[in-house]
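Student: Got a structure for you, written out below as structure tokens; questions coming shortly.
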Amino acid sequence: MKLAYPKNGKFGEFGGRFIPETLVPAVEELEEAYLKFKDDSDFTSELDYYLTHYAGRPTPLYFAKNLSKAVGGAKIYLKREDLLHGGAHKINNTLGQALLAKRMKKKRIIAETGAGQHGVATAMACAVLGLQSEVYMGYKDTQRQKLNVFRMKLLGTAVHPVKEGTQTLKDAINEAIRDWITNVKTTYYLLGSAVGPHPYPVMVRDFQSVIGKEILTQMKELEKKSPDSVVACVGGGSNAIGTFYPLIDEDTDMFGIEAGGKGIKTEHHSATLAVGSKGILHGMLTYLLQDKEGQISDTHSIAAGLDYPGVGPEHAYLKDAGRVKYDTVSDNDAVQGFLMLAKQEGIIPALESAHAVAYAMKMAKKMPKSKTIVITLSGRGDKDVEVVEKYLSENVKNKG
Amino acid sequence: MSRIKDKFQELKRKKQKALIAYLVAGYPNEKGTISAVRGLVKGGADIIELGLPFSDPLADGPVIQNASYLALRKGMNFEKFVSQVQRIRKETQIPLVLMTYSNLLYRHGYDKFVSMVKEAGIDGLILPDMALEESKDFVDAAHRNGIDTIFLISPNTSPQRIRKIADISSGFLYLVSVFGTTGMQQQFQRYTSDAIKNAKKVINGKIPLGVGFGVSNPDQARVILQNGADAIIVGSAFLRILEKTPHEKIEAKIMSFAKNLKKATISK
């Protein structure tokens, strides 16, 4: 079931390369460079150096004793990607791609960002490696993630608010692709999730697979066996695929959690795998949230990083193959997970990761104490405290 | 056999090049599209491209993005598009090409979509995000239904790849004139003329070459045609006229702009 480097980027029927012709030479050049460097010892040792000394790897696998006890059931472990430099798993991928861009002699880097975490991680990698970067961000997201916009500016990145369409992540990707078409010779598009045309889904997964590899090693040290279950949130799905891929051949149940928003029976969610249908967007064939004619739907999540109408093609493949179970957690339950982890463990998770926390709490209850669950805590929640405060005050108002 | 092929042959006899005009179906509204089509036909356009708007038009610049967005907001959809084409077909036999994005075909099913638009009167299809490697199902469906597949090439497409793309194209081959999305350019650079000459050499008369993205006035049209193109494709410039023209003047304004462009395609 492991597809290390699928032919033509096809995970079964998913993935591929649906792109304007202008981008074909650029994507071919990228694929060639990636294949040349991915196992090159100079490249991997330079990446390892930055991951260790700059980003802070390996990240701890922390036994959440209080949370496990409060929930009452399986032992819950947290893979602490929130402790990485920048506060999220995104830096694993941006360092890898920025080093690749340097080897490709590209000096201008563009990226899209949803919550701002990928934008910040891009800005950091580019600053430390001496590259110029520009980030596209939906206008709506710039408003709800102001802190990250300012962080990117501090790091020397120009942030372009995107006012087209729904003004969120998908529109930021559209605009980044338009920039890439226009500046194709000089520019490297540093895509932040395991989405897009081949080879992005494979490459981003490979750079994020450090998460799952470390989980496996650490669990074998701590529990003498691979985890019984792992849980990760899924927007585009980069932290989840990085968690799942190295564990595919292990005896581990895997759960990918999408944003249930205000409920998957409403129109306000981002649960692509739960209720979506097959389609073509952003260069790939995958599950999408769309209407019966193929127009892409507006999505919603309290977590900007999950607010996306598509999903990485490898997730679509793993869903249909039955290897990973995909489920949803609502805005409200995610906020409860957020509060619970803060209170029990003194850890404020990103709202994206809080979806995985909430789901794992429900699961753990039904599992015996001898079993283990690893939650990939993809990011920290400092960026979200304002959003949560607002959510709580509005909910109290509604109830009152 | 094909209205598009016949049109290029007719123009060859007349020693003319083709003017291909692009409109977004449903922009500024359904009535406006019909008036604009009438203006194009009277103004001498040879082929009309109708855009079926998509929510995420990533190959398009601001003018077409905005027109697509407004058309969708006013309720344009596949059913309305088909009836609009049927209505146009009652008035004119001008070749009609449908330009849209792959997902709208994939969602309906390639065969179903292609047969429905063919029956309504569409002669060819352009999908800017359909790459050669992914195109088999689409091309098969188009062949089964006798509709032309117009693929795009770009100034950075290698000669070897141009040959492969030309092989699966029919009607004409669409050269994107610039590195960029659709929209108006101030001035073309040297690489555009090189790309036209290069493409003409590679396809060696097997299929007509249309050049679009950025062509917006008769002077630019002349430059493109002098370099060997068989057709100019103009889109955003027509939409810009529609942006600021009251309904009752649409037909006349579009006609006069089309006439000016058409003159550039007639050798003196």
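Student: Answer with yes or no whether A:Gln145 is buried (at least 24 other Cβ atoms within 10 Å of the Cβ) and under 21 Å from the mean Cα position of the chain (by Cα).
Tutor: Yes: the conditions hold for A:Gln145.
Student: Another question, then. When the residues of the stretch A:26-36 are filtered to those that are within 14 Å of chain B (Cβ to nearest Cβ) and farther than 16 Å from A:Lys102 by Cβ, which remaining residue is surrounded by the fewest Cβ atoms within 10 Å (Cβ to Cβ)?
Tutor: Of everything passing the filter in the stretch A:26-36, A:Glu28 is surrounded by the fewest Cβ atoms within 10 Å (Cβ to Cβ).
Student: Looking at the stretch A:272-289, can you tell me whether even one residue there is over 26 Å from B:Ala131 (Cα atoms), among the charged types (D, E, K, R) and either more than 14 Å from the chain's Cα centre (by Cα) or surrounded by fewer than 24 Cβ atoms within 10 Å (Cβ to Cβ) (or both)?
Tutor: no
Student: Looking at (1) over 24 Å from A:Pro201 (Cα atoms); (2) assigned to a loop (DSSP other than H, G, I, E, B); (3) in contact with a Phe, Trp or Tyr (Cβ under 8 Å, 6 or more places away or on another chain), which is the only condition A:Val311 fails?
Tutor: Condition not satisfied by A:Val311: (1).
Student: Now for a different question. Anything in the stretch B:200-214 that is among the hydrophobic types (A, V, I, L, M, F, W, C) and out of contact with any helix residue (DSSP H, G or I) (no Cβ under 6 Å at 6 or more places or on another chain)? List them, or say none.
Tutor: Once the filter is applied, which keeps residues that are among the hydrophobic types (A, V, I, L, M, F, W, C) and out of contact with any helix residue (DSSP H, G or I) (no Cβ under 6 Å at 6 or more places or on another chain), the stretch B:200-214 yields only B:Phe213.
Student: Would you point out which residue out of B:Ala25, B:Ala71, B:Ala21 is closer than 17 Å to B:Ile250 by Cβ, within 12 Å of chain A (Cβ to nearest Cβ) and in contact (Cβ under 8 Å) with a residue 40 or more places away in the chain?
Tutor: After ruling out the rest, the residue left standing is B:Ala71.
Student: Just to check your reading of the model, which residue among A:Gly294, A:Gly256 is modelled with pLDDT of 95 or more and touching a Lys or Arg at 6+ places or on another chain (Cβ under 6 Å)?
Tutor: Going through A:Gly294, A:Gly256 in turn, the sole match is A:Gly294.
Student: If you go through the stretch A:110-130, how many residues are of a type in the set (A, V, I, L, M, F, W, C) and surrounded by fewer than 21 Cβ atoms within 10 Å (Cβ to Cβ)?
Tutor: The qualifying residues number 3.
Student: What about A:Lys2, is it farther than 30 Å from A:Asp179 by Cβ and at pLDDT below 95?
Tutor: Against the criterion (farther than 30 Å from A:Asp179 by Cβ and at pLDDT below 95), A:Lys2 qualifies.
Student: Applying the selection to the stretch B:165-177, what residues are in contact with a helix residue (DSSP H, G or I) (Cβ under 7 Å, 6 or more places away or on another chain) and part of a strand (DSSP E or B)?
Tutor: B:Leu173, B:Leu175, B:Val176
Student: For A:Val374, only one of the following conditions fails: (1) within 21 Å of A:Gly260 (Cβ to Cβ); (2) of a type in the set (Val, Ile, Thr); (3) at pLDDT 95 or above. What is its number?
Tutor: (1) is the only condition that A:Val374 fails.
Student: Within the stretch A:170-179, identify whether any single residue is of a type outside the set (Lys, Arg) and away from every other protein chain (no Cβ under 14 Å), and answer yes or no.
Tutor: Just the residues of the stretch A:170-179 that are of a type outside the set (Lys, Arg), to begin with: A:171-177, A:179.
Adding the requirement that they be away from every other protein chain (no Cβ under 14 Å) leaves none.
There is no residue in the stretch A:170-179 that is of a type outside the set (Lys, Arg) and away from every other protein chain (no Cβ under 14 Å).
Student: For the list (1) surrounded by fewer than 24 Cβ atoms within 10 Å (Cβ to Cβ); (2) farther than 20 Å from A:Thr44 by Cα; (3) at pLDDT 95 or above, I need the number of the one condition that A:Lys107 fails.
Tutor: Looking at each condition in turn, A:Lys107 falls short on (3).
Student: Something else now. Return the residues of the stretch B:58-67 that are buried (at least 24 other Cβ atoms within 10 Å of the Cβ), more than 7 Å from every other protein chain (Cβ to nearest Cβ) and over 15 Å from the mean Cα position of the chain (by Cα); say none if nothing qualifies.
Tutor: B:Ala67
Student: Next question, about the same structure. May I ask you to list pairs of residues, at least six apart or on different chains, whose Cβ atoms are under 8 Å apart, with the first in the stretch A:323-342 being over 10 Å from A:Val388 (Cβ atoms) and the second being surrounded by fewer than 22 Cβ atoms within 10 Å (Cβ to Cβ) and hydroxyl-bearing (Ser, Thr, Tyr)?
Tutor: Here the result reads A:Asp331/A:Tyr391, each pair linking the stretch A:323-342 to a residue that is surrounded by fewer than 22 Cβ atoms within 10 Å (Cβ to Cβ) and hydroxyl-bearing (Ser, Thr, Tyr).
Student: Can you say whether A:Tyr54 is touching a residue at least 12 places away in the same chain (Cβ under 8 Å), among the hydroxyl-bearing types (Ser, Thr, Tyr), surrounded by fewer than 19 Cβ atoms within 10 Å (Cβ to Cβ) and over 29 Å from A:Lys362 (Cβ atoms), as far as the supplied structure shows? Please lay out each step first, then the result.
Tutor: On the way: touching a residue at least 12 places away in the same chain (Cβ under 8 Å): yes; among the hydroxyl-bearing types (Ser, Thr, Tyr): yes; surrounded by fewer than 19 Cβ atoms within 10 Å (Cβ to Cβ): yes; over 29 Å from A:Lys362 (Cβ atoms): yes.
Yes; evaluated as a whole, the condition is true for this residue.
Student: Determine whether the stretch B:127-145 contains at least one residue that is in a strand (DSSP E or B), touching a Phe, Trp or Tyr at 6+ places or on another chain (Cβ under 9 Å), at pLDDT 95 or above and buried (at least 24 other Cβ atoms within 10 Å of the Cβ).
Tutor: No.
Student: Evaluate the following for A:Lys79: is it among the basic types (Lys, Arg), out of contact with any Lys or Arg (no Cβ under 8 Å at 6 or more places or on another chain) and within 27 Å of A:Lys225 (Cα to Cα)?
Tutor: Spelling it out, A:Lys79 is indeed among the basic types (Lys, Arg), out of contact with any Lys or Arg (no Cβ under 8 Å at 6 or more places or on another chain) and within 27 Å of A:Lys225 (Cα to Cα).
Student: Output the residues belonging to the stretch A:282-319 that are more than 14 Å from chain B (Cβ to nearest Cβ) and of a type in the set (S, T, N, Q).
Tutor: Within the stretch A:282-319, just A:Ser301 meets the criteria.
Student: Here's something else I'd like to know. If a residue must be outside any loop (DSSP other than H, G, I, E, B), among the aliphatic types (A, V, I, L, M) and away from chain B (no Cβ under 11 Å), how many such residues does the stretch A:261-281 contain?
Tutor: Here the count works out to 3.
Student: May I ask you to say which residue of A:Ala194, A:Ala176, A:Ala158 is of a type in the set (A, V, I, L, M) and under 25 Å from A:Leu318 (Cα atoms)?
Tutor: Testing whether each residue is of a type in the set (A, V, I, L, M) and under 25 Å from A:Leu318 (Cα atoms) leaves just A:Ala194.
Student: From the list B:Glu243, B:Glu251, which one is at pLDDT below 95, among the charged types (D, E, K, R) and over 16 Å from the mean Cα position of the chain (by Cα)?
Tutor: Answer to the selection: B:Glu243.
Results for (1) at pLDDT below 95; (2) at positive phi; (3) within 14 Å of chain B (Cβ to nearest Cβ); (4) touching a Cys at 6+ places or on another chain (Cβ under 8 Å), shown as yes or no for each residue.
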{"residue": "A:Gly16", "(1), (2), (3), (4)": "no, yes, yes, no"}
{"residue": "A:Val24", "(1), (2), (3), (4)": "no, no, yes, no"}
{"residue": "A:Lys38", "(1), (2), (3), (4)": "no, no, no, no"}
{"residue": "A:Ser45", "(1), (2), (3), (4)": "no, no, no, no"}
{"residue": "A:Thr52", "(1), (2), (3), (4)": "no, no, no, no"}
{"residue": "A:Ser68", "(1), (2), (3), (4)": "no, no, no, no"}
{"residue": "A:Tyr77", "(1), (2), (3), (4)": "no, no, no, no"}
{"residue": "A:Leu84", "(1), (2), (3), (4)": "no, no, no, no"}
{"residue": "A:Lys90", "(1), (2), (3), (4)": "no, no, no, no"}
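Student: Which residues, taken from the stretch B:133-189, are more than 21 Å from A:Pro197 (Cα to Cα), among the aromatic types (Phe, Trp, Tyr) and within 11 Å of another protein chain (Cβ to nearest Cβ)?
Tutor: Selection gives B:Tyr174 alone.
Student: If you don't mind, another one. Exactly one condition in (1) part of a helix (DSSP H, G or I); (2) farther than 13 Å from A:Ala334 by Cα; (3) in contact with a helix residue (DSSP H, G or I) (Cβ under 9 Å, 6 or more places away or on another chain); (4) of a type outside the set (Lys, Arg) is not met by A:Ile375; state its number.
Tutor: A:Ile375 satisfies every listed condition except (1).
Student: Which members of the stretch B:202-215 meet the condition of being farther than 15 Å from B:Thr265 by Cβ and touching a residue at least 12 places away in the same chain (Cβ under 8 Å)?
Tutor: B:Val202, B:Ile203, B:Lys206, B:Ile207, B:Phe213, B:Gly214, listed by residue number.
Student: How do the strands (runs of 3 or more DSSP E) wholly within the stretch A:126-245 filter down when requiring 2 or more residues that are in contact (Cβ under 8 Å) with a residue 40 or more places away in the chain and over 30 Å from A:Gly73 (Cα atoms): which remain?
Tutor: Working: elements: A:132-138, A:158-162, A:187-189, A:229-233.
Those strands (runs of 3 or more DSSP E) span A:132-138, A:187-189.
The values are calculated or read from the model by the stated rules, or taken from the named source; none is laboratory data. These figures come from a predicted structure and were not determined experimentally. All Cβ positions, glycine included, derive from the backbone under ideal geometry; neighbour counts span all protein chains shown.
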